[in-house]
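Undergrad: The structure's right below; bear with me while I get my questions together.
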Amino acid sequence: MVLSARLAHGLCLIATSAVAACSGQSSPANAAGSGSSGTAAGGVAGSVLAATAGTAGAAIAVAGVGGLGAGGRGNDSDAGGAANGQSGGAPAGASGSATSGSDAGGVSGSGAGAGAGASASAGSAGEPPLAACASNQISKCSGTPLACHFGGDPGNYSVTVELGGAQAGETEVEAEYYRRMLTQTSAAGASTRFSFVTNVRVYEGEPLRPDQDGTTSTGIPGLDVYFRGSAPRPISICYEKLPQPLMLWLEGDSTVTDQEDPAYAGWGQHLPQHFRSPISVANYADSGESSSSVLASPKLWPTIKAGMKAGDWVMVQLGHNDKDTTAAAFKKNMTTMVTDAKAAGAHLILVTPISRVGYTLAEEHVNSTGANLPQIIRDLGKSENVPVIDLTVTTWNWIQTIKWQDYFALGTDHTHTNQQGADIVSGFVRDAVKAQVPELAAHLR
């Protein structure tokens, strides 16, 4: 079932269409919606906005992917989600395509202005030169989409790919369960090398879902890389085990997790595309989890706590499933994670939960006990002197400017994003890192 879904996803085409505002909703200017596109940002086509400030609707998108009827994904009672639906539409935009010699470094010549046919050595501004693969493993890849199954033990793997060739291309590189590692447009006659680090674990997608649902696959053992997109142009691929990368650990719920159904996508699933080596994004978000349950499950926060080391980064977004958690309990749980990270010498970033469709901003994530969960997170960030990425406000403003059905799963789910929605929200996280966390921003593509 998993393989057939991947094939279906791989055959989807990239499409574009104008983004319409929600009927009957106001469309306030959204400062958080503006983002650099395809220049100094590293030319990541699947990132967030190709729009000017105040317009949060344009992005490279994956056209409608057949839903598998997974429904509400284990969180939020209003999640909805009809079986066998279609996810999203195809919003407009050209974020991430760069011209030869730009400061993006994401096209031929690596910012050096090389002409057509030149082979670039770097994929983003500031990335060290990349040597060609000593042993090209592309012959081990097959099928449509082109799938590379390399095996190997769990851990972190540094992967180098070269994209381009005689014809123009648009390539999405994904790893494991639809984990977006790179989106790149290549001009005819140009080729570019990129590197990224991906985290391989058992289970491949959500850390607990196969335990909870016997029909969920645990994934394919070892390192798996896929070349998708409207015109994928892989030339070479090679990899090596990386024992001690710089980790970016993610903890959260189903709006963050690596979804195994391509009709859904968590923003954490699309975040890796914005980071270059040596950052490895390890996503331990899981559907249905609350601030209490992630602390109690050995495969969630305790695993992160045991693995994080001095210098690592940790992002935590919780709140969707803390519907009955008191303010005091929620603050205590979140403080525990802050304390654990500081004790390990890791850098923690708090993230307020993404907004749900159909609520006023004042209502977002105020739970049954009256606890204003986003505000508790903001206050905790101030008292503990840790950064807070306010996705609640940012995504609420964005929702007011779009036809939300194009960006949320199956066109009916009010909580969970689809592929294009996850691209947008991961871009909001990227932009917040740029603005607020310069040490981590140094590793952005």
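Undergrad: Within region 412-429, take every residue that is of a type in the set (Val, Ile, Thr) and not in a helix (DSSP H, G or I) and give me the one that is farthest from residue 257 (Cα to Cα).
TA: Within region 412-429, the match that is farthest from residue 257 (Cα to Cα) is 412.
Undergrad: Which numbered condition in (1) among the small types (Gly, Ala, Ser); (2) within 30 Å of residue 438 (Cβ to Cβ); (3) assigned to a loop (DSSP other than H, G, I, E, B) is the only one that residue 341 fails?
TA: (3)
Undergrad: Is region 370-380 home to any residue that is of a type in the set (Val, Ile, Thr), touching a Pro at 6+ places or on another chain (Cβ under 7 Å) and outside any loop (DSSP other than H, G, I, E, B)?
TA: no
Undergrad: When you go through 328, 341 one by one, which is the residue that is touching a His at 6+ places or on another chain (Cβ under 9 Å) and more than 22 Å from residue 415 (Cβ to Cβ)?
TA: Details: 328 fails: touching a His at 6+ places or on another chain (Cβ under 9 Å).
When all the criteria are applied, what remains is 341.
Undergrad: Going through 176, 204, 240 one at a time, which residue ends up being acidic (Asp, Glu), in contact (Cβ under 8 Å) with a residue 24 or more places away in the chain and at positive phi?
TA: 176
Undergrad: Could you tell me whether residue 255 is under 16 Å from residue 203 (Cα atoms) and at pLDDT 95 or above? Walk me through how you get there before you give the answer.
TA: Numbers: under 16 Å from residue 203 (Cα atoms): no; at pLDDT 95 or above: yes.
Spelling it out, it is not the case that residue 255 is under 16 Å from residue 203 (Cα atoms) and at pLDDT 95 or above.
Yes/no matrix, rows are residues, columns are (1) of a type in the set (Phe, Trp, Tyr); (2) farther than 20 Å from residue 327 by Cβ:
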{"residue": "350", "(1), (2)": "no, no"}
{"residue": "354", "(1), (2)": "no, yes"}
{"residue": "369", "(1), (2)": "no, no"}
{"residue": "400", "(1), (2)": "no, yes"}
{"residue": "414", "(1), (2)": "no, yes"}
{"residue": "419", "(1), (2)": "no, yes"}
{"residue": "428", "(1), (2)": "yes, yes"}
{"residue": "444", "(1), (2)": "no, yes"}
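Undergrad: Still on this structure, I have one more. Being in contact with a helix residue (DSSP H, G or I) (Cβ under 8 Å, 6 or more places away or on another chain), small (Gly, Ala, Ser) and in contact (Cβ under 8 Å) with a residue 40 or more places away in the chain narrows it down to one of 310, 282, so name that one.
TA: Criteria check complete, one pass: 282.
Undergrad: Would you please list the contacts, defined by Cβ atoms under 6 Å and residues six or more apart or on different chains, that run from a residue in region 216-235 that is free of Cβ contacts under 8 Å to residues at least 40 places away in the same chain to a residue that is not in a loop (DSSP other than H, G, I, E, B)?
TA: 218/210
Undergrad: Among the residues of region 300-324, how many are more than 24 Å from residue 417 (Cα to Cα) and not β-branched (Val, Ile, Thr)?
TA: The number of residues fulfilling the criteria is 10.
Undergrad: One residue is enough: does region 404-416 have a residue meeting the conditions touching a residue at least 40 places away in the same chain (Cβ under 8 Å), out of contact with any Phe, Trp or Tyr (no Cβ under 7 Å at 6 or more places or on another chain) and either among the basic types (Lys, Arg) or more than 24 Å from residue 178 (Cα to Cα) (or both)?
TA: Checking region 404-416: not a single residue is touching a residue at least 40 places away in the same chain (Cβ under 8 Å), out of contact with any Phe, Trp or Tyr (no Cβ under 7 Å at 6 or more places or on another chain) and either among the basic types (Lys, Arg) or more than 24 Å from residue 178 (Cα to Cα) (or both).
Undergrad: I would also like to ask the following. Check 381, 411, 421, 370 and return the single one that is over 19 Å from the mean Cα position of the chain (by Cα) and under 16 Å from residue 266 (Cα atoms).
TA: Going through 381, 411, 421, 370 in turn, the sole match is 411.
Undergrad: Quick check, is residue 439 of a type outside the set (Gly, Ala, Ser), more than 27 Å from residue 197 (Cβ to Cβ), surrounded by fewer than 24 Cβ atoms within 10 Å (Cβ to Cβ) and at pLDDT 95 or above?
TA: No.
Undergrad: Show the residue pairs that are 6+ apart or on different chains and have beta-carbon atoms under 9 Å apart, the first residue being within region 249-267 and without any contact (Cβ under 8 Å) to a residue 12 or more places away in the chain, the second being surrounded by fewer than 24 Cβ atoms within 10 Å (Cβ to Cβ).
TA: Short answer, once both residue conditions are applied: none.
Undergrad: If I ask for residues that are in a loop (DSSP other than H, G, I, E, B) and either β-branched (Val, Ile, Thr) or over 12 Å from residue 252 (Cα atoms) (or both), which ones from region 307-325 would you list?
TA: 308, 309, 310, 311, 312, 323, 324, 325
Undergrad: Just the residues that are of a type in the set (Lys, Arg) and surrounded by fewer than 20 Cβ atoms within 10 Å (Cβ to Cβ), please, taken from region 193-252. Don't jump to the end; show me each part of the working.
TA: Of all residues in region 193-252, those of a type in the set (Lys, Arg) come to 193, 201, 209, 228, 233, 241.
201, 241 - these are the residues of region 193-252 that are of a type in the set (Lys, Arg) and surrounded by fewer than 20 Cβ atoms within 10 Å (Cβ to Cβ).
Undergrad: Turning to a different aspect of this structure: Would you confirm, using the coordinates I've provided, whether residue 251 is touching an Asp or Glu at 6+ places or on another chain (Cβ under 7 Å) and under 15 Å from residue 287 (Cβ atoms)?
TA: Spelling it out, it is not the case that residue 251 is touching an Asp or Glu at 6+ places or on another chain (Cβ under 7 Å) and under 15 Å from residue 287 (Cβ atoms).
Undergrad: Could you tell me which residue of region 280-307 is nearest to residue 345 (Cα to Cα), considering only residues that are of a type in the set (A, V, I, L, M, F, W, C) and crowded, with 23+ Cβ neighbours inside 10 Å?
TA: Ranking the qualifying residues of region 280-307, first place goes to 304.
Undergrad: Being of a type in the set (Gly, Ala, Ser) and in contact with a Pro (Cβ under 7 Å, 6 or more places away or on another chain) is the requirement here; does residue 254 meet it? Walk me through it before giving the result.
TA: On the way: of a type in the set (Gly, Ala, Ser): yes; in contact with a Pro (Cβ under 7 Å, 6 or more places away or on another chain): no.
Answer is no for this residue.
Undergrad: Further question on the same structure: Of all residues being β-branched (Val, Ile, Thr) and out of contact with any strand residue (DSSP E or B) (no Cβ under 9 Å at 6 or more places or on another chain) in region 361-388, which is farthest from residue 438 (Cα to Cα)? Just the residue, please.
TA: 369
Undergrad: A follow-up question, please. Looking at region 110-128, is at least one residue more than 27 Å from residue 257 (Cβ to Cβ), of a type outside the set (D, E, K, R) and at pLDDT 50 or above?
TA: yes
Undergrad: Further question on the same structure: Of all residues in region 185-239 being closer than 20 Å to residue 298 by Cα and of a type in the set (Lys, Arg), which is nearest to the chain's Cα centre (by Cα)?
TA: 201
The values are calculated or read from the model by the stated rules, or taken from the named source; none is laboratory data. Everything numeric in this text was worked out from a predicted model, so none of it was measured. Glycine also receives a Cβ, built like all others from the backbone with ideal geometry; neighbour counts cover every protein chain displayed.
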